[in-house]
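Here is the structure we will look at, set down as structure tokens.
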Amino acid sequence: MTSRLIRPLLLLLLLLAFSRLVFELGGKNFWWDESLSLQRSESTLFRLLRGQITITDGTTSLETIDQHPFFSFLVQGLAIRLAGNSEFALRFPSAASATLLVALVWAMGALLEKKQVFPKSAALWSTLLAAINPFFLWYGQEARPYALWAALTLLSTYLLLRISFVHKSSGKLILAYIVSLLCLLSTH
């Protein structure tokens, strides 16, 4: 397939993934885990970084520490502060992460095609499968860090491969790898 056709096709796949993800994104009420994400995202910076949450049954309250690190909740906190406290706003970072994941699948596939690890057209096929994948749809519509984990894992792996494939790595590429790895480690 010519490179002239690949860009519009890639754009269509990204639009397909994004439209599937945001369709009725705010249509469902929060479920238990998402309510914990909302509580962490609304917390003060100190409580958010420490992972402090309050579990209550209406009569008694229990202070506890969440098992998940802070980065995804920082992103969600920014989203609800900018777009309001709604199901859509809290879930949008996951939808954006799942859409970014589709683009990263393309980038990784194209890199591995170029290095002749994958056959020609593998990047396109893997991007199509990522765009229609029901798991990416499911996790891209939850106010939980799962889609961000996948996107940051693929991004850091892609950057590490890019660094390893060149004889003299640029400082910008190494810095991007370190930042993406730190974001991943502070999310998972």
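The values are calculated or read from the model by the stated rules, or taken from the named source; none is laboratory data. It should be emphasised that the depicted structure is a prediction, and the values quoted were computed from it without experimental measurement. Reconstructed Cβ throughout: ideal geometry from the backbone, glycine too, with neighbour counts over all protein chains shown. Keep in mind that these areas ignore ligands, DNA and RNA; they rest on the heavy atoms of the full protein, side chains included. Shrake-Rupley method; radii C 1.70, N 1.55, O 1.52, S 1.80 Å.
For region 1-136, a/c is not less than 1.5, where a ≥ b ≥ c are the root eigenvalues of the C-alpha gyration tensor, and a/b tops b/c. That puts it in the prolate class.
Could you tell me how many degrees, from 0 to 90 and to the nearest 10, lie between the Cα long axis of helix 71-83 and the main elongation axis, the longest principal axis, of the Cα atoms of the chain? Orientation of helix 71-83: about 80 degrees from the principal axis.
Does region 75-188 come out rounded, prolate or oblate, given a ≥ b ≥ c as the square roots of the eigenvalues of its C-alpha gyration tensor, rounded meaning a/c under 1.5 and, failing that, prolate meaning a/b above b/c? Verdict is oblate for region 75-188. Using the rule -39500 (n - 2.57) for each DSSP H run of four or more residues, divided by the residues of the chain, the 222 nm mean residue ellipticity is -22500 deg cm²/dmol. Note on exposure: 54, 153, 187 ranked by accessible area (1.4 Å probe, complete protein assembly) read 153, 54, 187, with the most exposed listed first.
Sorting 35-42, 144-151 by average packing, meaning the other beta carbons within 10 Å per residue, from highest down gives 144-151, 35-42. Using only side-chain charges placed at the Cβ, +1 for Lys and Arg and -1 for Asp and Glu, the dipole size of the chain relative to its Cα centre rounds to 1040 debye. Computed from backbone phi with θ = phi - 60° and the Karplus coefficients 6.51, -1.76 and 1.60, the 3J(HN,Hα) list for region 155-166 is 4, 5, 5, 4, 5, 5, 5, 4, 5, 6, 7, 10 Hz; x is used for glycine and proline. With all protein chains in place and a 1.4 Å probe, the accessible surface of region 10-136 carries 68 percent carbon and sulfur. Extending 7 Å from Cα along the Cβ direction at residue 7 and again at residue 161 yields two label points whose distance is 2.3 nm.
Working note: Karplus 6.51/-1.76/1.60 with θ = phi - 60° gives region 36-44 the couplings 5, 4, 5, 4, 5, 5, 7, 5, 5 Hz, where Gly and Pro are set to x.
What separates the Cα centres of region 19-72 and region 121-152 is a distance of 22 Å. Between 101, 152, 62, the GNM of the chain built on Cα springs shorter than 10 angstrom shows 62 fluctuating the most. Accessible surface for region 77-188, divided over its residues, is 54 Å² per residue with a 1.4 Å probe. Between the amide H of residue 118 and those of 113, distances stay under 5 Å, these residues lying 5 or more places away or on another chain, with hydrogens modeled in the peptide plane.
Each of the peptides 89-99, 173-183 was scored by the mean count of other Cβ atoms within 10 Å over its residues; in descending order, highest first, they stand as 89-99, 173-183.
Put simply, the amide H of residue 52, placed in the peptide plane, has neighbours under 5 Å in 66, leaving out anything fewer than 5 places away on its chain.
Checking the a/c ratio against 1.5 first, then a/b against b/c, what shape does the Cα gyration tensor give for region 83-126?
The shape class here is prolate.
Summed over the residues of region 1-43 and divided among them, the accessible surface reaches 67 Å² per residue at a probe radius of 1.4 Å. In the elastic network of the chain, a GNM with C-alpha springs shorter than 10 Å, the most mobile of 58, 27, 109 is 58.
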